[in-house]
Amino acid sequence: MPAYKDSKKGTWYAKFRFTDWQGNRKETTKRGFSTKREAKEYEEEYKRKAQSNPTMTFQSLYEIYAEDMKQRNKESSFSSINNTLIKHALPALGQIPISEITPNIIRKWQNNLSTYTNKGKPLSPTSIMNINRRLSTVFNFGVRFYGLAKNPMHVTGTQGKNEKRVEFWSKEEFDTFIVAVDHPLYNALFNLLFYSGMRIGEALALTSDDVDFSIGKYTINKTLAYNGKIT
């Protein structure tokens, strides 16, 4: 597993052949390493990842999982899951081989998560539950597709609890509110939301082609994501 010195830039690079998950022989090059050791470590981890080896790091498994999720989920859903794992899981677990992540390691991670604060405020029980569930999903992905023997979170269990409640206005409450909305566009929007039950993103993504005024029909086939994109 040689590494090579770039005499012009003074950095190291890895150039090697590997066998991908389909059994094909390929070659790749990665430049810009500060040391020979870093170049070799990159090659070793790249090969583990390409061959779906359970000794790959959690970072590598996460990258494979994220690419798979990106193809199968709406962008808004993917971004939410992706950001959660990058913020709360990768810093602690990223460089550990997935086969070496034990229930004890997860337990310590959970204990740290319970004391985590954001601008002085602790995470809510619902947030903690969602973070745990998303991490467990990555391990299940590794078990199902990449040779991981078991999900360590099946031993530790997950933290938190779902405190989310669905709240809604009664007809009387809505009538009290809507009489104060003078703007014709907002008045129409709030009436549409209340009487149809569609989500705000679905309403904001509507176009004239989605409305048939002759029969009073709305067709909901897209949504406006938080980043301004229609999906």
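The values are calculated or read from the model by the stated rules, or taken from the named source; none is laboratory data. Since the structure is predicted, the reported quantities are computational estimates derived from the model, not experimental observations. Neighbour counts are summed over all protein chains in view; Cβ atoms, including those assigned to glycine, are modelled from backbone coordinates with ideal geometry. These area figures cover heavy atoms from the full protein model, side chains too; ligands, DNA and RNA do not enter into them. Shrake-Rupley method; radii C 1.70, N 1.55, O 1.52, S 1.80 Å.
Some notes on this structure:
- Lone qualifier among Ile106, Ile128 - being in contact with a Gly (Cβ under 7 Å, 6 or more places away or on another chain) and modelled with pLDDT of 90 or more: Ile128
- Filter result for the condition that a residue is more than 23 Å from Tyr13 (Cα to Cα), surrounded by fewer than 14 Cβ atoms within 10 Å (Cβ to Cβ) and of a type outside the set (Ser, Thr, Tyr), over Gln71, Gln110, Gln95: Gln71
- Test: Phe145 is farther than 25 Å from Thr231 by Cβ and either touching a Lys or Arg at 6+ places or on another chain (Cβ under 9 Å) or touching a residue at least 40 places away in the same chain (Cβ under 8 Å) (or both): yes
- Only one of Ser52, Ser76 that is out of contact with any helix residue (DSSP H, G or I) (no Cβ under 6 Å at 6 or more places or on another chain), within 22 Å of Asn227 (Cβ to Cβ), among the hydroxyl-bearing types (Ser, Thr, Tyr) and modelled with pLDDT under 85: Ser76
- Among the residues of region 184-215, those that are part of a helix (DSSP H, G or I) and open to solvent by 50 Å² or more (accessible area, probe 1.4 Å) comprise Pro184, Leu185, Tyr186, Ala188, Phe190, Phe194, Tyr195, Ser196, Ile200, Leu204, Ser208, Asp209.
- Every condition in (1) under 19 Å from Thr156 (Cα atoms); (2) out of contact with any Phe, Trp or Tyr (no Cβ under 9 Å at 6 or more places or on another chain); (3) in contact (Cβ under 8 Å) with a residue 40 or more places away in the chain holds for Lys74 except the one numbered (1).
- Residue list for region 132-150, restricted to those being among the aromatic types (Phe, Trp, Tyr) and in a loop (DSSP other than H, G, I, E, B): Tyr146
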